[in-house]
Amino acid sequence: MPNFAANLTMLFTEHPFLDRFERAAKAGFTAVEFLFPYAYSADDIKQRLDAQGLTLVLHNLPAGNWDAGERGIACHPDRVAEFRDGVATAITYAKALGVGQLNCLAGQAPEGIADNVLRETLIENLRYAAAQLKKAGLRLLIEPINTFDIPGFYLNRTTQAVSILVEVGADNAFVQYDIYHAQRMEGELASTMQKYLPRIGHIQLADNPGRNEPGSGEINYAFLFAHLDRIGYTGWIGCEYKPATTTEAGLGWRQQLLK
């Protein structure tokens, strides 16, 4: 049986962020994830987690100026110092919140920089992050993201992510496999997850087109959930989708697709 975590950046947005923890618990979730905690104090978030008996399974490293459209800086050769400062900040929050893994967004490729420079910058940043996270007992994730939603995103395919992890050479670094992004870029969902299962540290979901609830589009989620059980995936699956109406109104997919 898959273990689902509510992504509080995407779900329950009818409510202020700190109120979403209670809403997730009332909806039956025992775990949550979100993009970033940094606009809030770790104490405030921890109080909400503890009050609702929720486990935090994931958040991201700082990713530049998100409100201005930046989607990560790990491949940017002129922002290495900023990236390293962000790693330290993320570890401080992770320790306070009890989360065991942090996701690194590679970012959009800056114009005029050769691909080999971008790749080497990303690899060196990931080596640094993995080493720092390992000292703290944490895992590092990297996430391929489709270039339709985020044009120019540097890390966009599973094979690319795995090849980068091989070069990084860290035993605490894994792929965050987002089914929605993978469907848009490459398809072959079941076989890819089975082939790279040892490299996958976390899974996220949304349907396509629209990035709405599972069961609303072309992806056969009933099959994929059973497939993940068959191949032995025991990690969390983050529900990172955009509700078609309200969050609560769309949560019936959990019963419908797990029969």
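The figures follow:
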read-out: Unmet requirement for PHE4, which otherwise passes all of (1) open to solvent by less than 20 Å² (accessible area, probe 1.4 Å); (2) under 29 Å from ALA226 (Cβ atoms); (3) not in a loop (DSSP other than H, G, I, E, B); value: (1)
read-out: Residue selected from the stretch 145-195 under the condition over 24 Å from GLY232 (Cα atoms) and of a type in the set (Asp, Glu), by the criterion farthest from the chain's Cα centre (by Cα); value: GLU167
read-out: Search result, residues across the stretch 174-193 that are touching a residue at least 24 places away in the same chain (Cβ under 8 Å) and in a helix (DSSP H, G or I); value: ILE179, TYR180, HIS181, ALA182, GLN183, ARG184, MET185, LEU189, ALA190, THR192, MET193
read-out: Close pairs (8 angstrom Cβ cut-off, 6 or more residues apart or separate chains): free of Cβ contacts under 8 Å to residues at least 60 places away in the same chain and over 16 Å from ASP67 (Cα atoms) in the stretch 33-50, part of a loop (DSSP other than H, G, I, E, B) and open to solvent by 50 Å² or more (accessible area, probe 1.4 Å) anywhere; value: LYS46/GLY98; LEU49/GLY98
read-out: Subset of the stretch 225-257 (residues that are assigned to a loop (DSSP other than H, G, I, E, B), more than 18 Å from ALA24 (Cβ to Cβ) and in contact with a Pro (Cβ under 9 Å, 6 or more places away or on another chain)); value: TYR233, LEU257
read-out: Evaluation of LEU54 against (1) touching a residue at least 40 places away in the same chain (Cβ under 8 Å); (2) touching a strand residue (DSSP E or B) at 6+ places or on another chain (Cβ under 7 Å); (3) under 27 Å from ASN3 (Cβ atoms) (one fails), failing number; value: (1)
read-out: Filtered residue count, the stretch 128-173, keeping only those that are among the basic types (Lys, Arg) and either farther than 19 Å from ILE200 by Cβ or part of a helix (DSSP H, G or I) (or both); value: 2
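The values are calculated or read from the model by the stated rules, or taken from the named source; none is laboratory data. Bear in mind that the values here come from a model prediction, so they are computed numbers and not experimental data. So basically every Cβ, Gly included, is an ideal-geometry build from the backbone, and we count neighbours across all protein chains shown. In case anyone asks, the SASA skips ligands and DNA or RNA and just uses the protein heavy atoms, side chains included. Shrake-Rupley method; radii C 1.70, N 1.55, O 1.52, S 1.80 Å.
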